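A short worksheet on the structure shown next.
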Amino acid sequence: MPSPRELPRNHPLPAVYRLREDRGGEVVPRGELAREPAVALLEAALLIADEPLPARKLAAVANLKDATDARRLVRKLRALYERGGTAFQIEELAGGFQLLTRPEFHPWLVRLRRTGAEIRLSGPARETLAIVAYRQPIMRADIEAIRGVQCGEVLRQLMEKGLIRIAGRHDSLGRPVLYGTAKKFMQVFGLKSLRDLPLVDALRPPQPRGPGGADHAPG
């Protein structure tokens, strides 16, 4: 066995294998297409996030003054993506911002998606989800009164998919559970907030027109 004097000395790992020591230093942009440090930090946060990040959280990550400053840099980053013709866009969803690929790349990217990753809803599940979205917070009994069938299993499935949540309890006897949509609902359907839901009147089928072009209300 060699003596300690004969053992090889330790050598530092190559730079590619070393983690940069977090000294709270500023990110230094490099290269012709480099972003300013705050924009680069904001872009990095959006890149690794798997859900929309509120402006306040982006401001904290990029060490910005406030959420208004974060929104300003988001607009700047959007403009950079537009000018550069990149495959990315920043969408405002579910009360935050998320970095997404552009819709025109979907036919190619969908081939890489793992089976089962896309949320599929049955007809009853879509109906139940629509009732919850427009009438929330709502009790199960009220949902079943509207649909005319029991909805316990469908509600359970929607909760498992993360589309609805328990929003509280009603003040009536037994304090039944109230259901509402979850943040993931707005992500999946591309909504900034619940105010972006289509108006109910816009979802109604057009009324049949009678002779002479007059609207004819069904009897």
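Taken together, the values in this text are just the output of simple stated rules run on the coordinates, not laboratory data. None of these values were measured; they are calculated from a predicted model. Neighbour counts are summed over all protein chains in view; Cβ atoms, including those assigned to glycine, are modelled from backbone coordinates with ideal geometry.
Rounded to 0.05, the FRET efficiency of the residue 120 and residue 65 pair, given R0 = 30 Å and the Cβ-Cβ distance, is 0.10. Proximity of backbone amide H atoms, modeled 1.01 Å from N, is registered between residue 94 and 191, 192, 193 at under 5 Å, excluding neighbours fewer than 5 places apart on the same chain.
With Cα atoms defining each centre, the stretch 35-103 and the stretch 161-199 are spaced 26 Å apart in the structure. The stretch between residue 49 and residue 189, if pulled fully straight at 0.36 nm per residue, gains 48.6 nm over its current Cα-Cα span.
Listed by chain and number, the lysines whose alpha-carbon sits under 18 Å from that of residue 65, ignoring those within fewer than 8 places in the same chain, are 57, 76. Taking amide H as placed 1.01 Å from N in the peptide plane, residue 167 has its amide H under 5 Å from the amide H of 178, 179, 180, each at least 5 places away in sequence or on another chain.
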